[in-house]
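See below for the structure under consideration.
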Amino acid sequence: MIATFRVYLKRRAGRGVGDFFVVQFYRTKEQMRNAARIRVRADGLSAGSFAHTLGFCLWYTKLRRRKDRLVRQRECGTVYLCSVAGGAGVVAHEMTHAAYAWLCGRKGWRPRWKDKALDEDIAWTVGWLVTQYWREYWKRFAK
Ligand SMILES: [Zn+2]
């Protein structure tokens with residue numbers, strides 16, 4: 001991993017306030033895929049092959065025991081990205097998964113929660129729109 005940082009779900013959030021995803025940034029696709037694979041296995045989740053994964057968003061609930069009760073932590077997932085495939089479209093795709101999971105899991109959205117097809121459709125559409133935007137932008141304004 002060459003970098004890690006937080007991205008917050010709400011604009012006014014920041015240190016000590018608000019839910020966030022951890023971003024883990026790797027140099028190569030293989031390093032990123034291995035990290036995601038190890039994490040998924042460690043969490044006891046089943047995931048398909050990571051053979052073609054350019055980015056990965058993992059949603060979870062983190063609890064900490066405080067006295068006699070469990071308290072939910074603000075960290076709600078990890079987004080895995082890498083420098084060789086970290087273009088705007090991939091980032092937008094994975095961040096859309098993060099937003100979708102958070103909106104359904106914490107904000108009470110009830111579209112068809114856990115509908116993987118809907119989640120994936122939205123993420124692909126946002127990723128593709130953002131990719132096109134930056135292509136057109138750089139055609140016009142690149143120096
Ligand atoms: Zn996806």
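Every number here is computed from the coordinates shown, using simple stated rules; none is lab data. Computed from a prediction, not measured in an experiment: that's the story for all the values here. Note: ideal-geometry Cβ built from the backbone for every residue, glycine included; neighbour counts use all protein chains shown.
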In nm², the average projected area of the convex hull spanned by the Cα atoms of the chain is 10.9 nm²
Angle, helix 88-105 long axis vs. longest principal axis of the chain, Cα atoms, 0 to 90°, nearest 10? 30 degrees
How far is helix 116-141 tilted off the main Cα axis of the chain, in degrees rounded to 10, range 0 to 90? 40 degrees
Given the Cα-Cα distance of Ser49 and Arg69 and 0.36 nm per residue of separation, how much length would full extension add, in nm? 3.5 nm
Magnitude of the Cβ-charge dipole (Lys and Arg +1, Asp and Glu -1) of the range 3-135 about the Cα centre, nearest 20 debye, reported as 820 debye
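Which whole number in µm²/s is D for the range 77-143 by Stokes-Einstein, with the Kirkwood Rh taken over Cα pairs at 20 °C and 1.002 mPa s? Intermediate results must be reported in sequence, preceding the final value.
Details: Rh = 13.0 Å.
Answer, rounded: 165 µm²/s.
Subtract the Cα-Cα distance of Gln132 and Thr61 from 0.36 nm times their separation in residues, and report this length gain in nm to one decimal. If you can, show how the numbers build up before the last one.
Details: separation 71, 0.36 × 71 = 25.56 nm, distance 3.38 nm.
So the extension gain works out to 22.2 nm.
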Just to be sure I follow the rule: in the range 3-135, considering lysines 8 or more places apart or on different chains, how many pairs have Cα atoms under 27 Å apart? 12
